[in-house]
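*Asks:* If you scroll down you'll find the structure; I have some questions about it.
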Amino acid sequence: MTTPLADIPTAPIAGAGGLLKLQLIAPDGARAEIYLHGAQVTSWIPAGGSERLFMSHASQFSEDAPIRGGIPVVFPQFGAMGPLPLHGLARLMRWKFAGATLEGANAVAAFQLGDTEHSRRLWDYPFFAELTVAVGGSQLAVMLAITNIGSEAFSFTSGLHTYFSIDDIATTAVEGLTGLRYRDAAAGWTDHQETASRLVFQGEVNRIYFAAPDEVRLIEPGRATVIQSTGFPEVVVWNPAAKCATMPDLEPDDYRRFACVEAALIAAPRQLEPGERWQGAQRLSV
Ligand code: TA6
């Protein structure tokens, strides 16, 4: 077999719905695809492996709607925890492609987003967001940085809302959460402490785990995905179970095929002073 050549793109190409996307291929054949809409990673295939991210076949690909699947970038508001659209503005905005390079064995692409007239109407702060995606070997790393380029402080919450592709939710578990305090959105936002050695999915799961470790693992029969994060103190685990049938951009039984394990910054919104920069990252390894 010949080694595939790295494809370091110089420009995005047309993807679904005519939205622009970037295809990034490392020298070892590991690849990722990123839409400028939301700077959303929609595909990650490790070297010699198969697709590791879930993408809904019913997803919209339109400037007006979030893409369902992959890695939505949540900023400046997580979920419905404020007055903004669900999960904030970044996943609904068109980011700029800021270049791709080869860094050692990784293909790396950078995306940027600034405030617009539209974003200022909803959230009146100047900001500069950068998303860097690095793919190579058995890893994908996604780094998000936010800089306050205005003259007054602002606070934000954020997340990398990763949808993992799994074979069967019934045989999937998350390890690394034992002993953590969590808030259960599926049980009326009640507070609990995790006692299980593995979180399994029985019905809807929608939990915010506080003060999470830097590493958790998604476990399936015969494979494990290591999920490391920095800068994001919380881990959110989400699977809608039967509620999937009520979500128009998911097929009714899609819940069997994905689990979201998200790097999140929720409990203590991050305040950024003028000129200050924050960054967080999620690194996935198989
Ligand atoms: O992160 C979990 C969550 O906030 C859930 O409550 C669920 O609604 C999910 O995200 C998806 O949100 P979305 O706005 O993309 O439908």
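*Asks:* Go through the stretch 37-85 and give me each residue that's of a type in the set (D, E, K, R) and touching a strand residue (DSSP E or B) at 6+ places or on another chain (Cβ under 6 Å).
*Replies:* GLU51, ARG52 - these are the residues of the stretch 37-85 that are of a type in the set (D, E, K, R) and touching a strand residue (DSSP E or B) at 6+ places or on another chain (Cβ under 6 Å).
*Asks:* Which members of the stretch 67-120 meet the condition of being charged (D, E, K, R) and either within 15 Å of the ligand (Cβ to nearest atom) or in a loop (DSSP other than H, G, I, E, B) (or both)?
*Replies:* ARG68, ARG91, ASP115
*Asks:* What's the number of the condition PRO233 fails, among (1) more than 21 Å from ARG283 (Cα to Cα); (2) within 16 Å of the ligand (Cβ to nearest atom); (3) of a type outside the set (A, V, I, L, M)?
*Replies:* Failing condition for PRO233: (1).
*Asks:* Which ones in the stretch 133-149 are part of a strand (DSSP E or B) and surrounded by fewer than 19 Cβ atoms within 10 Å (Cβ to Cβ)?
*Replies:* ALA141, ALA145, THR147 - these are the residues of the stretch 133-149 that are part of a strand (DSSP E or B) and surrounded by fewer than 19 Cβ atoms within 10 Å (Cβ to Cβ).
*Asks:* For the stretch 188-211, indicate whether the set of residues that are within 16 Å of the ligand (Cβ to nearest atom), without any contact (Cβ under 8 Å) to a residue 60 or more places away in the chain and closer than 21 Å to ALA145 by Cα is non-empty.
*Replies:* Scanning the stretch 188-211 turns up no residue that is within 16 Å of the ligand (Cβ to nearest atom), without any contact (Cβ under 8 Å) to a residue 60 or more places away in the chain and closer than 21 Å to ALA145 by Cα.
*Asks:* I would also like to ask the following. Being closer than 20 Å to PHE111 by Cα and open to solvent by 20 Å² or more (accessible area, probe 1.4 Å) is the filter here, so list the residues in the stretch 46-92 that pass it.
*Replies:* PHE61, SER62, GLU63, ASP64, PRO66, ARG68, HIS87, ARG91, LEU92
*Asks:* Test ILE146 against the stated conditions and say whether it is more than 16 Å from the ligand (Cβ to nearest atom) and either touching a Lys or Arg at 6+ places or on another chain (Cβ under 8 Å) or of a type in the set (Lys, Arg) (or both).
*Replies:* Here the answer is yes, as ILE146 does meet what is asked.
*Asks:* Taking PRO252 and the conditions (1) away from the ligand (no atom under 15 Å from the Cβ); (2) in contact (Cβ under 8 Å) with a residue 12 or more places away in the chain; (3) not in a strand (DSSP E or B), which numbered condition does it fall short on, given that it satisfies the others?
*Replies:* Going through the list (1) away from the ligand (no atom under 15 Å from the Cβ); (2) in contact (Cβ under 8 Å) with a residue 12 or more places away in the chain; (3) not in a strand (DSSP E or B), PRO252 breaks only (2).
*Asks:* Now for a different question. Quick one: how many residues across the stretch 158-171 are more than 30 Å from GLN279 (Cβ to Cβ) and of a type outside the set (A, V, I, L, M)?
*Replies:* So the count comes out to 3.
*Asks:* Conditions: (1) open to solvent by 10 Å² or more (accessible area, probe 1.4 Å); (2) in the same structural domain as ILE25 (by TED's automatic domain parsing); (3) closer than 30 Å to GLY49 by Cβ; (4) away from the ligand (no atom under 16 Å from the Cβ). GLU175 meets all but one. Number of the miss?
*Replies:* For GLU175, the exception is condition (2).
*Asks:* Condition first: buried (at least 16 other Cβ atoms within 10 Å of the Cβ) and out of contact with any Pro (no Cβ under 6 Å at 6 or more places or on another chain). Now tell me which residues in the stretch 154-172 satisfy that.
*Replies:* PHE154, SER158, GLY159, LEU160, THR162, TYR163, PHE164, SER165, ILE166, ILE169, THR172
One line per residue, one yes/no per condition, for (1) outside the structural domain of LEU180 (by TED's automatic domain parsing); (2) touching a strand residue (DSSP E or B) at 6+ places or on another chain (Cβ under 7 Å); (3) within 15 Å of ILE166 (Cα to Cα):
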{"position": "ARG207", "(1), (2), (3)": "no, yes, no"}
{"position": "VAL216", "(1), (2), (3)": "no, yes, no"}
{"position": "VAL226", "(1), (2), (3)": "no, yes, yes"}
{"position": "PHE232", "(1), (2), (3)": "no, yes, no"}
{"position": "ASN239", "(1), (2), (3)": "no, yes, yes"}
{"position": "PRO248", "(1), (2), (3)": "no, no, no"}
{"position": "TYR255", "(1), (2), (3)": "no, yes, yes"}
{"position": "ALA268", "(1), (2), (3)": "no, no, no"}
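*Asks:* Can you pull out every residue in the stretch 201-212 that is in contact with a Leu (Cβ under 8 Å, 6 or more places away or on another chain) and either among the β-branched types (Val, Ile, Thr) or open to solvent by 50 Å² or more (accessible area, probe 1.4 Å) (or both)?
*Replies:* Those that are in contact with a Leu (Cβ under 8 Å, 6 or more places away or on another chain) and either among the β-branched types (Val, Ile, Thr) or open to solvent by 50 Å² or more (accessible area, probe 1.4 Å) (or both): VAL205, ALA211.
*Asks:* Just for the stretch 177-204: of the residues that are under 22 Å from the mean Cα position of the chain (by Cα) and of a type in the set (Phe, Trp, Tyr), which one is farthest from ARG256 (Cα to Cα)?
*Replies:* TYR182
*Asks:* List the number of the failed condition for VAL41; all other conditions in (1) open to solvent by 60 Å² or more (accessible area, probe 1.4 Å); (2) of a type outside the set (D, E, K, R); (3) in a strand (DSSP E or B) hold.
*Replies:* Here VAL41 clears every test but (1).
*Asks:* Would you confirm, using the coordinates I've provided, whether ALA224 is buried (at least 18 other Cβ atoms within 10 Å of the Cβ), under 19 Å from the mean Cα position of the chain (by Cα) and part of a strand (DSSP E or B)?
*Replies:* Considered against the rule, which asks whether it is buried (at least 18 other Cβ atoms within 10 Å of the Cβ), under 19 Å from the mean Cα position of the chain (by Cα) and part of a strand (DSSP E or B), ALA224 comes out as no.
The values are calculated or read from the model by the stated rules, or taken from the named source; none is laboratory data. Worth saying up front: this structure is predicted, and the values here are computed from it rather than measured. Every residue, glycine among them, receives a Cβ derived from its backbone with ideal geometry; neighbour counts consider all protein chains shown. Side chains are part of the model used for accessible areas, which takes the heavy atoms of the whole protein and leaves out ligands, DNA and RNA. Shrake-Rupley method; radii C 1.70, N 1.55, O 1.52, S 1.80 Å.
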